[in-house]
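J.: I have a structure I would like to understand better, so I am pasting it below and will then ask my questions one at a time.
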Amino acid sequence: MAGELHELPAIRVGEIRHRLVSGEGDAPLASLVGLRSADDAFVEVARFDGMERARSSLALLEDRMATVDLRPALDLLRELRPLPARPSLSISASFVGRRNYATADLKGALAQGLARAKGPPVALDERDAPLHLRLVLEHGHARIGLRLARVALHERGWKRAHRPGSLRPSVAAALWRLAGLTPGERALDACCGAGTLLGEAAAVGARAIGGDRDPTALVVAAENLRGLGAAALLARWDACALPLPPACVDVAASNLPWGRQVASDSPPERFHAAAAAELARVLVPGGRAVLLADADDPLAPGPLRVEAAREIGLSGRRPKVLVLSRPRAAA
């Protein structure tokens, strides 16, 4: 996400913290709403330190919220989208580290501070409110922001159907960015599931090709792709024996079966080795692949070269991302 933000004109990337990247500059807000690898985007309205583990920090949060003037941020949002004269808002909060209070306590302190400041009324249901206030608390540092868009950026309107283990579209977009996908390239997902990776590939102008061994997954993927209005080649196949000719794909990305939400018939090491061998066969020389797999499962890249590997936080687990490439033939 930081890389995508850095590419925007007139934006300077600032702090990179746990699940948070900040930036400042004069970029149009519409360009921020168009970020594909971001889960969400906010305009900051307050930040402060001193939020400790004790419940006394809740009073500090309420007092700080009572001094926040939301009007400048609301004026910015009105340049982006229409808002009622007195819009209501919903509240969410998250924190890192052990606390003697819960997220519900944080939300209550924010609501009480807003009431003292005679700010917007608080709606209990996010769907009823045109505004959303978000608190991110990392150790003693608090950031408060108003969501730019009406809904979170990861909520793509085209993704109508879901399956166990399905990726968020923002994560899928990030995987394609790691793979260096560009418009017009042939993009393969050999374990397509609900079609999230295929949809994100099509959304950037790539030629999407995907398949799955489960016919119900293909029905879901086709429904989601129809919601996007995108064309993709879909087929029922075994990722370890792809019915594709050699060197026919420029880029590949897959959320491999983790053996928990999505089961695999063979041991992980055998499946991964066979799938990597097939990717090496169908990728063009110099082609790239990004694979997401459970960090506890062995993933042998076989003939592919490992360009990068790292663990990430996702769905309460720590899967690993491997960036691979097929070596070019020797001159």
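The values are calculated or read from the model by the stated rules, or taken from the named source; none is laboratory data. Fair warning: this is a prediction, and the values are worked out from it, not measured in the lab. Cβ: placed from backbone, ideal geometry, glycine included. Neighbour counts: every protein chain shown. These area figures cover heavy atoms from the full protein model, side chains too; ligands, DNA and RNA do not enter into them. Shrake-Rupley method; radii C 1.70, N 1.55, O 1.52, S 1.80 Å.
J.: What size of dipole, in debye to the nearest 20, comes out for region 63-130 about its Cα centre when the only charges are +1 on Lys and Arg C-beta atoms and -1 on Asp and Glu C-beta atoms? Display every interim value, and only then the final one.
T.: On the way: 11 positive and 8 negative charges, 25 e Å.
Computed charge dipole of region 63-130: roughly 120 debye.
J.: Given a cut-off of under 8 Å on Cα pairs at least six residues apart, what relative contact order in percent is computed for the chain?
T.: Reported as a whole number, the value is 12 percent.
J.: Using a probe radius of 1.4 Å on heavy atoms only, what accessible surface per residue do you get for region 160-203? Whole Å² is fine.
T.: That works out to 33 Å² per residue.
J.: For GLY287, list long-range residues whose amide hydrogen, built 1.01 Å from N in the peptide plane, is under 5 Å from its own amide hydrogen.
T.: The answer is ARG326.
J.: For region 52-119, what does the alpha-carbon gyration tensor say about shape, rounded, prolate or oblate, given a ≥ b ≥ c as the root eigenvalues, a/c under 1.5 as rounded, and a/b over b/c as prolate?
T.: Prolate shape, in that a/c is at least 1.5 and a/b is the bigger ratio.
J.: Hey, another quick one. What ³J(HN,Hα) values, in whole Hz, does the Karplus curve 6.51 cos²θ - 1.76 cosθ + 1.60 give for region 167-180 when θ = phi - 60°, with x put for Gly and Pro?
T.: 6, 5, x, 5, 5, 4, 4, 5, 5, 5, 5, 4, 7, x
J.: Here's another thing I want to ask about it. Students often forget the sequence filter, so: which lysines lie under 25 Å Cα-Cα from LYS118 once same-chain residues fewer than 8 apart are removed?
T.: Reachable lysines: LYS107.
J.: For the chain, modelled as a GNM with alpha-carbon contacts under 10 angstrom, which of GLY287, GLY195, GLY229 fluctuates the most?
T.: Evaluated over the chain, the most mobile residue of the options is GLY229.
J.: If you plug each phi of region 183-199 into the Karplus form 6.51 cos²θ - 1.76 cosθ + 1.60 with θ = phi - 60°, what whole-Hz ³J(HN,Hα) values come out, in order, with x for Gly and Pro?
T.: Taking θ as phi minus 60°, the curve returns x, x, 6, 8, 10, 10, 10, 7, 10, 6, x, 7, x, 5, 5, 5, x Hz for region 183-199.
J.: Here's something else I'd like to know. Under 1.5 on a/c is rounded, so check that first for region 193-292, then, if it is not, pick prolate when a/b is larger than b/c and oblate when it is not; a ≥ b ≥ c are the square roots of the alpha carbon gyration tensor eigenvalues.
T.: Details: a/c = 1.82, a/b = 1.15, b/c = 1.58.
Oblate shape, in that a/c is at least 1.5 and b/c is the bigger or equal ratio.
J.: Also, quick follow-up: To check you understand DSSP bridge types, tell me what percent of the beta bridges within the chain (both residues inside) are antiparallel, rounded to 5.
T.: 55 percent
J.: Amide H to amide H under 5 Å from GLU185: which residues, 5+ apart in sequence or cross-chain, H placed 1.01 Å off N in plane?
T.: So GLU185 has HN proximity to ARG207.
J.: Calculate how steeply helix 56-66 sits against the longest principal axis of the alpha-carbon atoms of the chain, using the helix alpha-carbon long axis, and give the answer as 0 to 90 degrees to the nearest 10.
T.: Approximately 80 degrees, to the nearest 10.
J.: Further, regarding this structure: With a 1.4 Å probe and all protein chains left in place, how much of the accessible area of the chain comes from carbon and sulfur atoms, in whole percent? Walk me through the intermediate numbers first.
T.: Details: 8530 of 16080 Å².
Carbon and sulfur atoms account for 53 percent of the accessible area of the chain.
J.: Students often forget the sequence filter, so: which lysines lie under 28 Å Cα-Cα from LYS320 once same-chain residues fewer than 8 apart are removed?
T.: Within the straight-line cut-off, LYS320 pairs with LYS159.
J.: Assign one of three labels to region 3-99, namely rounded, prolate or oblate, based on the Cα gyration tensor with a ≥ b ≥ c the square roots of its eigenvalues; rounded applies when a/c is under 1.5, prolate when it is not and a/b is larger than b/c, and oblate otherwise.
T.: Taking the square roots of the gyration eigenvalues as a ≥ b ≥ c, region 3-99 is oblate.
J.: Ignoring the sites themselves, what is the longest stretch of the chain with no GluC sites (Glu not before Pro) in a DSSP loop and at most 15 other beta-carbon atoms within 10 Å?
T.: Longest stretch, sites excluded: 156-331.
J.: Can you tell me the dipole magnitude for region 1-151 around its Cα centre, using point charges on the Cβ only (Lys, Arg +1; Asp, Glu -1), in Debye to the nearest 20?
T.: Here region 1-151 has a charge dipole of around 380 debye.
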